[in-house]
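Here is the structure we will look at.
Nothing in this text is a laboratory measurement; each read-out follows from the coordinates by a stated rule. Keep in mind that what you see is a predicted model, and the values were worked out from it rather than measured. Note that each Cβ is placed from the backbone with ideal geometry, even for glycine, and that neighbours are counted across all protein chains shown.
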């Protein structure tokens, strides 16, 4: 009974973190047409910053890292969010331009590869490949049983999810959100109407990056450790697959997708009997993720829960996924 | 708002499942003729998957030998793999799911270095004994009662390598390590012990794995004129690097960490250097003795018996120091269960040192079958394993001597000398 | 200092030769079809494994190159007709197609992992001795690889300039609609593209493992970004451009490695790719006609 409770609590925390991740990615992709294939870097910077400011100064022998300020957890989360925002500002200024979206996606993917190389290569930064461990848990001195603590933390994470969900929903209903959709669907027309497209894109990117940083901070304070193996570029794919399955461009779909893909689908194989040599099942899982990805793109690229506005668009026969404005204007 | 319904739905599923699972807790029932599960908490996939193969290579023979001798108190042992993927974020739900669904779990082999800080507290509070392979020096003074470590900490292997180099009269060392987590974990021990023993580090090269060439790094090493190269990296990287080193005429003696004495690395470097240079120039520092004691013989017989199940090539596990250590760990746990006449971890956990540590009036045994028979006859036993003497200290660590070996063409170890545990401990190295 | 630089340049030429074969294959494929095919690396790995299997059954040394090439060609044609074309028919644009190739690369990579049981296999060709070329130290095998890449370049240029098929390829890469209007059988030309670029992809995979002497499912993992960088830097569709760009990539990587830290040589390579993607003409949304459609 207790063992199940721990497991479900962990899954709930992961669910919450992934929802934040999906909200971030969906905000950037579904509403602004920015394909952030480097998403995991922004979550990771939040995790690393939260970890190193909560820990004491580095002794240099056990693990090496920068900062080490022993700050309280609330401050650490704020700094994690800020780190995500600052890094996405830097990356965004550099790489968000009016370029074809496959190049843009490739650029952001490459940036995540560069980040991995830099962290692994420059050990004094975040302890290289071994990563940072021993991050203490927030509010560990509260009079809660171990089990009670797990569920309290899960509730804490879900609270952030609810706040973030409310925030992005409100944003997308606002005039700002309408401007975003205009930019996504008909960029040249939007620019002609006086919308500062570059600034809009950057704003979306930074807000998404802030949410990503927050998700990293929450995750690292739960697990207590963070290393490059935890943030390979494949993690970003899982989030994107969630959005494709659940529904691009709308947040209910993002939440549904997160429930279906990382939580249900990726945990299910643990309950199946082990077939073949140890590790075979995991390879099969990734193959299945790739297959789901491709299947979604083929059969229902707009996801299970379509964006509300899309009903009118589908009726008129246009594609539901944000398409390149240039292609729309050229004859087929 | 729809969002609130979803965690409620998740919680409802969890409660329903836990109701079903109440009958089978993680404490362990004991019914004769049943089975007991040994879980392997290790990276089975991902960049550290060789750790999983090393473990499986040693656990299958252990379970075979134990079951062949009649199992533990009438029950057979069964293996279950729990994939950590080499990172703590994946390890945590995997381990928790295992705890929730494995009713007859008696022991864990692992956790690995990368997930240990997160997983050791979880397993310890679930009261599951772990034969861990976590190399961090923080476990040198471990206080978790269910944590047992037969592996030397990463720093000890590095110190042994440096002591050996000093014994050979080398003073100028080049360090060549991959940037992967396994190699980087062993590196600080090497560097720090070099400082303590006053050897000179003339080149310090980090290799990004799986590159097509390492020519510039090779040139750097050659230009620094080392007398010996200390190294660990994955097999592919090692093959490429040392092949290019030899081709450019810079081959010097190589001293590798324990992780280099595994089949993929040896095969890659032997192919790259050619057999004669490989036999002449490579030395590895390992924990398992190369002499064939009765325990080693029994281990190798067990490996041969399960060769169909072992990852390929099965021969590589005959002298794989990691696999041998896992084997000894599981045999010790099984003997502890027999000695305390219980399969309940909270009961037999404290009996583990009683079946392994030396003591007055104890009968020395070399296999599980021997130990089981001796215990049935009422004797106290001391299991001397395939890794040699096992003597857990009060922090549940046991590490013995290390041996410098070269590799035969068949990849069997050939002993060159011993570096004792006392010599290793005498070198003042801060935790790595 | 100077000799370090010169030898780094020499090493860079060797690395460039390995990159350039793959880059020439990639650029032909990308230039004509406009698919940013991120499963190119996975196909290289498969072809390398096929060559390994042939080698372990006694088919020796250099004919493995041809076998790997054929394997690459066959697989690429299969993917091109069986997967990319149906997606294009469903309305996938540039970006969706790239995502399809990403999903495909996941499937292929992990299928290779599953089948190979996560093992690494030895691939030794002929042992090789070094010799000195001024300040540059090089081995026979590496020299042969350099000659292979030069041979591929010459062969490709001859094909494109001198043959009818080559002219058709160039026409289609420049302006597919006009080419179609002129009566060029675009369907057949696309098939030729898959076969040709697939052959080079497979060849590149074998060249790679000849140098590293081992093959596993991680072979070429970090290699693809270098290849893509070289192809795009050199201009999509131009083999000569790909070779020149490979030289730049290779030399920069080796020089950074010689003077700085080895870990950063890959960062340098990636950094070049990012800069290239940001600044090439044809990067801009809604650019020239030939660059915004898929031709499949």
Expected 222 nm ellipticity per residue - DSSP helices of 4 or more, -39500 (n - 2.57), all of chain B, to 500: -13500 deg cm²/dmol
In degrees, nearest ten, helix B:2-21 long axis to first principal axis of chain B (Cα): 70 degrees
Please compute P(r) over all alpha-carbon pairs of region B:298-351, binned at 10 Å starting from zero, and give each bin as a whole-number percent. 24, 39, 26, 12
Shape call for region C:237-279, from the Cα gyration tensor axes a ≥ b ≥ c (a/c under 1.5 means rounded, otherwise prolate when a/b beats b/c, else oblate), comes out oblate
What angle, in degrees between 0 and 90 and rounded to the nearest 10, separates the Cα long axis of helix B:321-340 from the longest principal axis of the Cα atoms of chain B? 30 degrees
If each part is reduced to its alpha-carbon centroid, region C:208-230 and region B:245-285 end up apart, in Å, by 23 Å
Need one number: % antiparallel among DSSP beta bridges in the protein assembly as shown, to the nearest 5. 35 percent
Packing-based order for C:190-202, B:91-103, A:204-216, C:41-53, using average beta carbon neighbours within 10 Å, highest first: A:204-216, C:41-53, C:190-202, B:91-103
Looking at region B:302-432 only, what percent of DSSP beta bridges run antiparallel? Nearest 5 please. 70 percent
Only helices counted: for chain C, with every DSSP H run of 4 or more residues adding -39500 (n - 2.57) and the sum spread over all residues, [θ] at 222 nm is -24000 deg cm²/dmol
Residues residue B:291 and residue C:117, FRET efficiency given R0 of 41 Å [Cβ-Cβ distance, rounded to 0.05]: 0.80
Which distance in nm do the two modelled labels at residue B:68 and residue B:252 give, with both placed 7 Å along the Cα-to-Cβ direction? 4.6 nm
Take every DSSP beta bridge whose two residues both sit in chain B, then give the antiparallel share in percent to the nearest 5. 20 percent
Need one value for B:301-310: mean number of C-beta atoms belonging to other chains within 10 Å of its residues' C-beta atoms. 0
Rounded to the nearest 500 deg cm²/dmol, what is the calculated helix-only ellipticity per residue at 222 nm for chain A, with -39500 (n - 2.57) per DSSP H run of length n ≥ 4? -21500 deg cm²/dmol
Please say if chain A is rounded, prolate or oblate, where rounded means a/c under 1.5 for a ≥ b ≥ c the square roots of the C-alpha gyration tensor eigenvalues, and otherwise the choice is prolate for a/b larger than b/c and oblate otherwise? prolate
What is the mean number of Cβ atoms from other protein chains located within 10 Å of the Cβ atom of each residue in peptide B:237-246, rounded to a whole number? 4
Give the shape of the protein assembly as shown as rounded, prolate or oblate, defined through the alpha-carbon gyration tensor: a ≥ b ≥ c are the square roots of its eigenvalues, a/c under 1.5 means rounded, and otherwise the shape is prolate if a/b is larger than b/c and oblate if not. oblate
Order the peptides B:405-414, A:156-165 from the highest to the lowest mean number of other Cβ atoms within 10 Å of their residues. A:156-165, B:405-414
Residues in region C:210-241 that a label on residue C:157 would reach, taking backbone N under 14 Å of a point 7 Å out along Cα→Cβ: C:238-241
Counting only other chains, and only Cβ atoms inside 10 Å, what mean value do you get across the residues of A:270-278? 5
What angle do you read, to the nearest 10 degrees and between 0 and 90, between the alpha-carbon axis of helix B:181-196 and the longest principal axis of chain B? 60 degrees
Among B:206-218, C:63-75, how do they line up by average Cβ neighbours within 10 Å per residue, starting with the highest? B:206-218, C:63-75
Across the alpha-carbon set of region B:79-236, Rg over Rh with Rh taken as the Kirkwood radius works out to 1.08
